[in-house]
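Written below as C-alpha cells is the structure these notes are about.
The values are calculated or read from the model by the stated rules, or taken from the named source; none is laboratory data. Keep in mind it's a predicted model, so treat the numbers as computed, not measured. No Cβ is skipped: glycine too gets one built from the backbone with ideal geometry, and neighbour counts run over all protein chains shown. Just so you know, the surface numbers come from the protein's heavy atoms only, side chains and all, with ligands and any DNA or RNA stripped out. Shrake-Rupley method; radii C 1.70, N 1.55, O 1.52, S 1.80 Å.
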Amino acid sequence: MIRNVFGAVLAVLGAAAVLLGVFQDWYGSRTGRSFRITQLFTDVGITGDKAALFNGLFLVMLVAAVVAALALVFRSGWLALLAAVLVLGFTILWMVRQYQIADSLTFGEGGLGWGWASTMIGGVLLLLSAAAMFGAGGAGAGHGRHARPRRGRYEEPEPGHGEVVEGPWDTGQAPPPRHHPGEGEGGRGRDAA
C-alpha cells in the first residue's frame with residue numbers, strides 16, 4: 001500500500017517535471033518543444049527549423065505523461081517503466097544529436113538550459129516510480145489475513161492456528177468440521193461435563 005502511494009506520488013511529480021521542462025530552455029534560448037522529432041532521426045540532425053506544438057518533443061513528452069497517468073490508474077510498473085524509457089530515451093537521443101551539431105554540451109549562456117535538466121529529473125522520477133510499483137506488486141501478494149485459499153486446499157488465515165485440511169471444496173468455503181483427539185460428540189472434550 002505504502003509503496004503504491006509512494007510510486008503514485010513519484011509518477012505525478014515525474015510527469016509534471018517532464019511537461020514543465022519541455023516548455024523551458026533546452027539549449028541556448030530554444031525550448032524543448034521547438035525541436036522537431038524528425039530531426040533526431042535524420043542525417044541532417046538538429047537544424048534551426050522550429051517545430052509546431054504537436055510535431056516537436058512536446059508530443060513525445062505528452063505521450064509519456066499519458067502513459068504515466070495510465071500507470072497510476074492500473075497500478076502498473078510496466079507502464080511507468082515505459083513512460084520513463086520514452087522520456088529518458090528521447091532526451092538522451094536529443095543530447096547526442098545536439099552534441100553532434102554544437103561539439104560541446106555545457107551549462108550556461110548559449111548552452112544547456114534547465115528545461116533539459118527538468119525533463120531528465122522527471123524521467124528518473126518515473127523510473128523510481130516504476131521500481132516502487134514493481135516492489136508493491138511483489139511484496140506480500142497472496143499473503144496476510146484476507147488471503148483466499150487455493151482450490152482444494154484450505155489454510156487458516158494465521159499460521160500456527162489449526163491444521164491444513166485437504167478436500168474438494170471450492171475456494172472460499174470453509175472445510176468440514178473435524179474432531180480432534182480428546183473430543184467427544186458435539187466437540188466437547190473428555191473432561192467436559
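Figures for the structure shown
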| read-out | value |
| --- | --- |
| Check on Ala52, touching a residue at least 12 places away in the same chain (Cβ under 8 Å) and aliphatic (A, V, I, L, M) | no |
| Those residues of segment 110-129 which are among the hydroxyl-bearing types (Ser, Thr, Tyr) and open to solvent by 10 Å² or more (accessible area, probe 1.4 Å), in sequence order | Ser118 |
| Given (1) touching a residue at least 40 places away in the same chain (Cβ under 8 Å); (2) not in a loop (DSSP other than H, G, I, E, B), number of the condition Phe23 does not satisfy | (2) |
| Test: residue in segment 33-45 that is part of a helix (DSSP H, G or I), in contact (Cβ under 8 Å) with a residue 40 or more places away in the chain and not aromatic (Phe, Trp, Tyr) | yes |
| Qualifying residue in segment 55-66 (condition: part of a loop (DSSP other than H, G, I, E, B), free of Cβ contacts under 8 Å to residues at least 24 places away in the same chain and open to solvent by 50 Å² or more (accessible area, probe 1.4 Å)) | yes |
| Only listed residue being among the hydroxyl-bearing types (Ser, Thr, Tyr) and touching a helix residue (DSSP H, G or I) at 6+ places or on another chain (Cβ under 7 Å), chosen from Thr38, Thr31 | Thr31 |
| Qualifying residue in segment 130-137 (condition: under 16 Å from Gly21 (Cβ atoms) and either open to solvent by 70 Å² or more (accessible area, probe 1.4 Å) or at pLDDT below 90 (or both)) | no |
| Scan of segment 67-104 for residues that are touching a residue at least 40 places away in the same chain (Cβ under 8 Å), more than 30 Å from Gly7 (Cβ to Cβ) and either open to solvent by less than 80 Å² (accessible area, probe 1.4 Å) or not in a helix (DSSP H, G or I) (or both), ordered by number | Arg97, Gln98, Ala102 |
| Number of the condition not met by Gly14 [criteria: (1) out of contact with any strand residue (DSSP E or B) (no Cβ under 8 Å at 6 or more places or on another chain); (2) closer than 20 Å to Val63 by Cβ; (3) in a loop (DSSP other than H, G, I, E, B)] | (3) |
